[in-house]
1. So which pairs qualify, if the first residue must be in region 449-467 and surrounded by 13 or more Cβ atoms within 10 Å (Cβ to Cβ), the second must be part of a loop (DSSP other than H, G, I, E, B) and among the aliphatic types (A, V, I, L, M), the Cβ gap must be under 6 Å, and the two must be at least 6 apart or on different chains?
2. Can you confirm whether Lys195 is in a helix (DSSP H, G or I), surrounded by fewer than 17 Cβ atoms within 10 Å (Cβ to Cβ) and within 12 Å of ligand 1 (Cβ to nearest atom)?
3. Quick check: is even one residue across region 6-26 more than 16 Å from ligand 2 (Cβ to nearest atom), in contact (Cβ under 8 Å) with a residue 12 or more places away in the chain, crowded, with 23+ Cβ neighbours inside 10 Å and within 29 Å of Leu128 (Cβ to Cβ)?
4. Only one residue in Thr412, Thr367 is closer than 22 Å to Gly451 by Cβ and either surrounded by 19 or more Cβ atoms within 10 Å (Cβ to Cβ) or in contact (Cβ under 8 Å) with a residue 60 or more places away in the chain (or both). Which one?
5. Could you list, in sequence order, the residues of region 6-29 that are under 11 Å from Leu108 (Cβ atoms) and in contact with a Phe, Trp or Tyr (Cβ under 9 Å, 6 or more places away or on another chain)?
6. Within region 2-22, track down each residue that is modelled with pLDDT under 95, farther than 15 Å from Pro113 by Cβ and not acidic (Asp, Glu).
7. Val67 - would you say it is in contact with a Leu (Cβ under 7 Å, 6 or more places away or on another chain), farther than 24 Å from Glu282 by Cβ and either more than 16 Å from ligand 2 (Cβ to nearest atom) or acidic (Asp, Glu) (or both)?
8. Answer yes or no as to whether Leu372 is within 19 Å of Cys402 (Cα to Cα) and more than 21 Å from the chain's Cα centre (by Cα).
Amino acid sequence: MDTNQFAIAIMAAGKGTRLKSKRPKVLHEIGGRALLLHVIAAAKTVVPADHIYCIIGHESDRVRAAVAATGVQFVLQPEQRGTGHAMQMLKADFELSGASLPKHLLVLSGDVPLIRPETIAAVRDVHLSERAAMTILTAVPADPTGYGRVLRLKPEGPNQKAGPEVTAIVEQKSLGPDQLNAPEINSGIYCFETKALFDKLDALDTNNAHGEFYLTDIAAMLVAEGRRVVAIKADSVDEVLGANTIAEIMHLDAAMRLATAKRLMANGVTIFRPETCVIDSEVAVGPDTVIEPYVQLLGKTTIGSESRVRSYSVIQNSQLGDNVTVRNGCILDTAEVADNAILGPYAHLRPESRIGEGAHVGNFVETKKATLGKGSKANHLNYLGDTVIGAGVNIGAGAITCNYDGVHKHLTTIGDGAFVGSDSTLVAPITIGAGAYIAAGSSITEDVPDGALALGRSRQVTKPGWVAAKRAASTEAKKN
Ligand code: UD1
Ligand code: CA
């Protein structure tokens, strides 16, 4: 099949009044990604990005900026006067640019984000095999209220089953009393013979409940001219559900996250109570990894095999290796964690934390722009910021890097095998040599050479019997 015969239009100009939100509807997110980005991703599996036309209008600059990296084309619909008007803008854009018309036009909705590539392809294929002027993707949900309804041609005689032919699409507010229960909804996803659609667009009017140009009116107009309009039912209802309210968006979000969890489980990941986990759609996890309840895996996070993420951890845009243990309550943002490392409970890895193979980052430890070498340990109550720590280093409880002088951030370098005693403060910029020892409680302000011992505190003074002598003296004073 010649893919140049097809283009895809995605209607994304609407405001989404029913959301009561400042954010344009198509930039609301499900599965951690904007609705429109899901639709574009599906569209790109069917035609190349430069054959995809996003119709934008409400907050168009914001929408354009959010999806520009996908390489799609944009058509501006400055005023949103309905889905038919959106197509009029597309037609005007083709006329203005003089670009040759694609023979067929697939139309998707920016607010129907669960649509699968296979389903778009199925609409295309039925459209071709039926030689239709318009093909409509439909579904029969439990409650069709709010959607436009697709009316099929009723064949003559009893016991005759309705075929694929459609007579009209009727919007919810225009349904007659006998049509209110019509079960088959219009998904807002279509394939048109481009010329047949464009020839009819100028004849649309706004004589309807919303005072808008309805793209759905094209169906009856084509039928009136003897053109073939057909419907194809989607395999699953969820796939064509629209997102008009926050509650509907959250419903789709839950459906998408459950689908993501199922995909991971099908690849050998154990997820306890998947309905309690928040897993974004682009997350990848290797087999035999265990995800406990109430875990969030966000953004472009990847986790290797045989790892375990315990409850209440939130991991975002991070890369974890194999056999990594993330104990309860850890927060990771843009971190890299090598094989066999152990984190937490309650570790906080901020951006550019790189935890080496088999390293330990324990409870109440915060890292930022910190590299911790192979097998190194920082197990209790540390702050490690702007630091490069070698292999086999032990950072004692409460030790911290003082990376900030109030104006600039400075680097702390710690060589392989060094031992930093508890409660030390390392005032950067500073270098601690390989194998060096820092005495507990030290404030270190000067570089320490390899293998040296550094003490940065005053010597202890012990006064034997001082307490008893002091008490005796104060009792004597009271008497007098
Ligand atoms: C539309 C269909 C309805 C169908 C439903 C499926 C019409 C008239 N009705 O209704 O039959 O059951 O989708 O979800 O088409 N948009 C623009 N420009 C506009 C208006 C809308 O680009 O001027 C975009 C919106 O951003 C949205 C899509 O078109 O992505 C659908 O618009 P919406 O207002 O949500 O239509 P529905 O009322 O849901
Ligand atoms: Ca809608």
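The values are calculated or read from the model by the stated rules, or taken from the named source; none is laboratory data. The structure presented is a predicted model; accordingly, all values stated were derived computationally and were not measured. FYI the Cβ positions are ideal-geometry reconstructions off the backbone, even for glycines, and counts take in every protein chain you see.
1. Asp450/Ala434; Ala452/Ala436; Leu455/Ala439
2. Answer is no for this residue.
3. Checking region 6-26: at least one residue is more than 16 Å from ligand 2 (Cβ to nearest atom), in contact (Cβ under 8 Å) with a residue 12 or more places away in the chain, crowded, with 23+ Cβ neighbours inside 10 Å and within 29 Å of Leu128 (Cβ to Cβ).
4. Just one listed residue meets the conditions, Thr412.
5. Ile8, Ala9, Ile10 - these are the residues of region 6-29 that are under 11 Å from Leu108 (Cβ atoms) and in contact with a Phe, Trp or Tyr (Cβ under 9 Å, 6 or more places away or on another chain).
6. Within region 2-22, the subset modelled with pLDDT under 95 is 2-5, 14-22.
Those left that are additionally farther than 15 Å from Pro113 by Cβ: 2-5, 15, 17-18, 20-22.
Residues satisfying the conditions are Thr3, Asn4, Gln5, Lys15, Thr17, Arg18, Lys20, Ser21, Lys22.
7. Numbers: in contact with a Leu (Cβ under 7 Å, 6 or more places away or on another chain): yes; farther than 24 Å from Glu282 by Cβ: no; either more than 16 Å from ligand 2 (Cβ to nearest atom) or acidic (Asp, Glu) (or both): yes.
Judged against the criteria, Val67 is not a match.
8. On the way: within 19 Å of Cys402 (Cα to Cα): yes; more than 21 Å from the chain's Cα centre (by Cα): yes.
In short, yes.
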